[in-house]
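Student: Pasting a structure here, questions to come.
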Amino acid sequence: MRNYYAWGLALITLFVAPGLTGHAFAQMPFGAELHLGGGYTVPQQDFGKRFDGRGHFIIGGGFKILPFTELQAEYMYNTFGINRRTLASLNEPNGDAHMQSITVNPVVHLPVPGRFGLYGTAGVGFYHRTVEFTRPTTAVVTFFDPYFGYFFNAPVAANQVIGSKSRNAFGYNIGAGITYKLSGPTQLYFEARYHDVFTPHGHTQILPVTVGIRF
């Protein structure tokens, strides 16, 4: 997993750094930008029949390549739950999944007067999806009591992984968003973007809805 975090940070640095010179920053109508966001992911189509939506977070950045167009690199981490019907059909007690992605996306900003802005985006990327089946168990954890100054052990509820499968695949995304200017280059943004990942034995299709900040 650490390799994917490293790749994400490397790509973000690669695309953002050239735009952070003083001249480029001053000339960009929307600024050389970084953004952070999070929200809820809605599984789609066949993937949505087997998995429940959960949360996600995003970190990314970009720089201008045309007057109203930026090239953006983005890392996203999604989590999902396996629904009860699917677990019952597989005779598994519990399970969940997560997916990481690194995407490169041109973003076209529409010149709208006032504090609001509109943009559209589409791109391609690499996705890593992991599905895990678990069962409830009890783990013994060591705690330290700073008042009395001693360590003690206590049982806590936990999940034991009894099966795991990871897949790598390429995919594409397309979406649109709204921005609201707060102060200077800082903006709030609201975005919905559809991702279609070409995983074997059925595509992974999701719709993350994100709220975040650009600066």
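Values in this text are rule-based calculations from the coordinates and carry no lab data. Source: prediction; values computed, not measured. Every residue, glycine as well, gets a Cβ built from its backbone with ideal geometry; the counts of neighbours run over all protein chains shown.
Student: What aspartates and glutamates sit close enough to Lys165 to cross-link, taking a C-alpha to C-alpha distance under 15 Å and skipping anything fewer than 8 places away on the same chain?
Tutor: Counting by Cα, and skipping residues close in sequence, Lys165 has these aspartates and glutamates nearby: Glu92, Asp96, Glu132.
Student: Per-residue HN-Hα couplings for the range 196-206, Karplus 6.51 cos²θ - 1.76 cosθ + 1.60 at θ = phi - 60°, whole Hz, x for Gly and Pro?
Tutor: These are the phi-based 3J(HN,Hα) values: 10, 10, 8, 5, x, 6, x, 5, 9, 10, 9 Hz.
Student: Same structure again: Among residues other than Gly125 whose Cβ falls under 15 Å from its Cβ, what is the net charge (Lys/Arg +1, Asp/Glu -1)? All intermediate terms of the calculation are to be shown ahead of the outcome.
Tutor: On the way: positive: Arg129, Arg167, Arg193; negative: Glu74, Asp196.
Local net charge: +1.
Student: Still on this structure, I have one more. In a shell of Cβ-Cβ distance under 15 Å around Tyr172, excluding Tyr172 itself, what net charge do Lys and Arg (+1) and Asp and Glu (-1) give? Could the numbers behind the result be given before it?
Tutor: Values: positive: Arg193; negative: Glu74, Asp196.
Computed value for this residue: -1.
Student: Could you name the lysines in cross-link range of Lys181, using Cα to Cα under 21 Å and dropping any fewer than eight places away on the same chain?
Tutor: Lys64
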